[in-house]
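The block underneath contains the structure these notes are about, expressed in structure tokens.
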């Protein structure tokens with residue numbers, strides 16, 4: 001099998017676009033996980049329910065697909081992909097597999113230590129950790145990690161291993177159609193909150209297909225961008241209502257909203273780039289990966305502690321939702337700055353070798369599977 005494409009070069013503007021959108025979507029993920037309505041002891045005010053649900057059952061659906069697309073593009077848009085493949089996998093051992101295992105094992109040890117303290121054990125009881133049961137510990141490290149957002153890094157590494165097969169299938173028109181049909185059917189078959197991995201193949205394939213075929217993006221009029229955005233927001237809002245009324249996710253609503261929303265935010269960014277593309281926001285975007293990796297289960301612990309103090313009225317839940325997410329983001333950025341400043345070797349291990357550079361990028365490094373778009 002041979003597959004040859006030019007080495008990907010990304011303009012400064014596009015690189016910064018990916019970074020800024022990656023940061024915004026990472027923040028969506030954090031506030032998705034800050035959701036706390038399950039702790040309500042009385043009816044929740046509709047406004048509070050609407051705000052939290054829009055992140056939890058709506059906006060969070062945009063983040064991981066974007067990360068997969070960007071990561072697959074930077075992996076597959078390589079000169080002599082087949083010959084470059086072994087080196088790309090080796091790089092991703094360091095950039096994906098090692099940090100995944102370090103964070104996952106680290107939190108297993110933290111939870112084990114907390115559960116060993118009787119006064120704290122009830123707060124850290126998602127899984128009782130016993131090293132006398134090594135298979136259970138292995139499951140927590142790999143299949144069901146305590147820092148659960150890291151499932152994405154695990155899956156991305158596995159897809160990187162499978163990428164030659166995916167590239168081969170997507171190189172032909174028939175293969176592309178069959179791949180899209182099969183992966184879409186899988187994605188639409190189950191709500192993503194029940195089986196997060198259902199979306200992996202489709203969006204990784206989108207990024208790989210773009211890398212292989214380099215489609216030209218036409219000039220899209222503003223009215224069309226707004227139709228995409230309005231359709232996405234409308235479907236996300238309806239999905240939130242559906243979950244509230246029916247008590248279950250509806251894959252068709254959420255997934256279709258994502259398919260409309262991703263091109264909408266990509267295209268509309270250009271119309272507000274002058275406002276968003278600032279040195280300050282670009283500097284913050286360098287920490288998106290660390291925020292993504294570090295926010296759970298720290299956010300769960302902080303959220304529970306705050307609710308224990310404030311109670312669970314509608315107002316208290318909204319305040320805790322906003323405060324816990326903001327606090328964890330701020331602490332993650334502070335911790336990242338301290339580590340990269342004083343212990344850069346530890347920071348490099350925790351982030352897979354991604355060290356923040358100057359705020360305004362020149363050209364995105366195609367060898368780095370970004371989370372500024374991705375932890376990956």
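Exactly one residue out of 264, 336, 316, 257 is surrounded by 17 or more Cβ atoms within 10 Å (Cβ to Cβ), within 25 Å of residue 103 (Cα to Cα) and touching a helix residue (DSSP H, G or I) at 6+ places or on another chain (Cβ under 6 Å): that is 336.
Quick one: is residue 301 under 21 Å from the mean Cα position of the chain (by Cα), within 20 Å of residue 150 (Cα to Cα) and touching a residue at least 12 places away in the same chain (Cβ under 8 Å)?
On the way: under 21 Å from the mean Cα position of the chain (by Cα): yes; within 20 Å of residue 150 (Cα to Cα): yes; touching a residue at least 12 places away in the same chain (Cβ under 8 Å): yes.
Against the criterion (under 21 Å from the mean Cα position of the chain (by Cα), within 20 Å of residue 150 (Cα to Cα) and touching a residue at least 12 places away in the same chain (Cβ under 8 Å)), residue 301 qualifies.
In the set (1) more than 10 Å from the chain's Cα centre (by Cα); (2) surrounded by fewer than 23 Cβ atoms within 10 Å (Cβ to Cβ); (3) closer than 17 Å to residue 293 by Cβ; (4) in contact (Cβ under 8 Å) with a residue 40 or more places away in the chain, residue 34 fails one condition alone, (2). Considering 201, 235, 267, the condition of being over 19 Å from residue 21 (Cβ atoms) and at pLDDT 95 or above is satisfied by 235 alone.
Scanning region 323-332 for residues that are surrounded by fewer than 18 Cβ atoms within 10 Å (Cβ to Cβ) and touching a residue at least 24 places away in the same chain (Cβ under 8 Å) turns up 327, 331.
Results for (1) over 25 Å from residue 345 (Cα atoms); (2) assigned to a helix (DSSP H, G or I), shown as yes or no for each residue.
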| residue | (1), (2) |
| --- | --- |
| 32 | yes, yes |
| 65 | yes, yes |
| 79 | yes, no |
| 82 | yes, yes |
| 96 | no, yes |
| 102 | no, yes |
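Identify all residues within region 199-224 that are in a helix (DSSP H, G or I) and more than 25 Å from residue 77 (Cβ to Cβ); write none if there are none.
Initially, region 199-224 is screened for residues in a helix (DSSP H, G or I), giving 199-213, 222-224.
Result: 222, 223, 224.
What do you reckon, is residue 184 under 29 Å from residue 30 (Cα atoms), loosely packed, with under 13 Cβ neighbours inside 10 Å and either out of contact with any helix residue (DSSP H, G or I) (no Cβ under 7 Å at 6 or more places or on another chain) or without any contact (Cβ under 8 Å) to a residue 60 or more places away in the chain (or both)? Answer is no for this residue.
Out of 138, 97, 101, 150, one residue alone is at pLDDT 90 or above, out of contact with any strand residue (DSSP E or B) (no Cβ under 6 Å at 6 or more places or on another chain), buried (at least 20 other Cβ atoms within 10 Å of the Cβ) and closer than 30 Å to residue 72 by Cα. It is 150. Among the residues here, residue 107 qualifies as more than 16 Å from residue 207 (Cβ to Cβ) and modelled with pLDDT under 95. Here residue 67 clears all of (1) surrounded by fewer than 23 Cβ atoms within 10 Å (Cβ to Cβ); (2) within 21 Å of the chain's Cα centre (by Cα); (3) within 21 Å of residue 152 (Cβ to Cβ) except the condition numbered (1).
The values are calculated or read from the model by the stated rules, or taken from the named source; none is laboratory data. Small disclaimer: the values here were computed from a predicted structure and weren't measured. All Cβ positions, glycine included, derive from the backbone under ideal geometry; neighbour counts span all protein chains shown.
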